[in-house]
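The values are calculated or read from the model by the stated rules, or taken from the named source; none is laboratory data. Since we're looking at a predicted model, the values are computed, not measured. Quick reminder, even Gly has a Cβ in these numbers, built from the backbone with ideal geometry, and neighbours come from all protein chains shown. When the accessible area is computed, the model is the full protein with side chains, heavy atoms only, and any ligands, DNA or RNA have been set aside. Shrake-Rupley method; radii C 1.70, N 1.55, O 1.52, S 1.80 Å.
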Amino acid sequence: FDGQNGVMILSRHPLENAEEWVLPGTWNRRTILSATVQLPNGADLDAYCNHLTPIFDVSPINTFPYTGQYGDGMTGAAGWQAEQELQAQKLIDYVTETSGSRPAVILGDFNAGRAYPAEETLNILESSFSPAYTDAYTPLCTYCSSNPVTNPAGDLTTSVWIDHILLYNLESDSVLATERIFDQDVVPVDGMTVPLSDHFGMRSVIVVP
């Protein structure tokens, strides 16, 4: 794909120190975009937006065998898993080195979550980062079989929560509200309406001192 990726940072507040950092990856480029957000209260908040490698279930027809350099010699789903876990650790190292003592949010499509093959990747991330969700939030899928953009043929049976917001150098009680967003059918397509994306979004309100 000529080095293209689908990652963007959009902000209502000024950004500085914008940077792209390319992760080890196979098939298409995996990248982290980072920037420091200048908040109205004078605080600086580092933001890291990412899209980690998915884990392809290659059985039974071997549609996406692992052919990269980061799979510990494995060619199936375990190879994709190894690459994703490597990316997660590199993300941790990058955030801790770049942000130091500054607060940060890490967010995007991690292709990892609970009740999903990449649960271990989320465990790695949560060893250094905290989930940016209120205790009252009831988990909902973000990649959902009910979404016609994700599942146009109606044959996807798996619904998973793989899009996340994580905190660094911010306490969990700094999160005031959490909700799933962009899950409404609003875009007219071929006589029907569909959501904005094949993934639903996540939104948390966070106090940054």
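Computed quantities for the displayed model
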item: Residues of the range 23-35 satisfying the condition of being free of Cβ contacts under 8 Å to residues at least 60 places away in the same chain and under 25 Å from Pro103 (Cβ atoms); result: Arg30, Thr31, Leu33, Ala35
item: Verdict on Ile92 being open to solvent by less than 20 Å² (accessible area, probe 1.4 Å) and out of contact with any strand residue (DSSP E or B) (no Cβ under 8 Å at 6 or more places or on another chain); result: yes
item: Qualifying residue in the range 76-85 (condition: more than 16 Å from the chain's Cα centre (by Cα) and assigned to a loop (DSSP other than H, G, I, E, B)); result: yes
item: Residue within the range 56-70 that is touching a Ser or Thr at 6+ places or on another chain (Cβ under 8 Å), closer than 17 Å to Val160 by Cα and either touching a residue at least 12 places away in the same chain (Cβ under 8 Å) or open to solvent by 10 Å² or more (accessible area, probe 1.4 Å) (or both) present; result: yes
item: Some residue of the range 107-126 being part of a loop (DSSP other than H, G, I, E, B), over 17 Å from His51 (Cβ atoms) and open to solvent by less than 50 Å² (accessible area, probe 1.4 Å); result: no
item: Residues located in the range 153-209, provided they are within 22 Å of Thr36 (Cβ to Cβ) and of a type in the set (Phe, Trp, Tyr); result: Tyr168
item: Listing of strands (runs of 3 or more DSSP E) fully contained in the range 146-209 that carry 1 or more residues being touching a strand residue (DSSP E or B) at 6+ places or on another chain (Cβ under 8 Å) and of a type in the set (Phe, Trp, Tyr); result: 163-168
item: Filter result (of a type outside the set (Val, Ile, Thr) and open to solvent by less than 20 Å² (accessible area, probe 1.4 Å)) within the range 171-192; result: Ser174
item: Verdict on Ser146 being surrounded by fewer than 16 Cβ atoms within 10 Å (Cβ to Cβ) and either of a type in the set (Phe, Trp, Tyr) or modelled with pLDDT under 95 (or both); result: yes
item: Yes/no for Ser159 being at pLDDT 95 or above and open to solvent by 20 Å² or more (accessible area, probe 1.4 Å); result: no
item: Index of the failed condition, Pro195 passing every other in (1) surrounded by 12 or more Cβ atoms within 10 Å (Cβ to Cβ); (2) within 14 Å of Ser130 (Cα to Cα); result: (2)
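For (1) modelled with pLDDT of 95 or more; (2) part of a loop (DSSP other than H, G, I, E, B); (3) exposed (fewer than 14 other Cβ atoms within 10 Å of the Cβ); (4) more than 16 Å from the chain's Cα centre (by Cα), each residue gets a yes or a no:
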| residue | (1), (2), (3), (4) |
| --- | --- |
| Asp2 | no, yes, yes, yes |
| Glu16 | yes, no, yes, yes |
| Thr36 | yes, no, no, yes |
| Cys49 | yes, no, no, no |
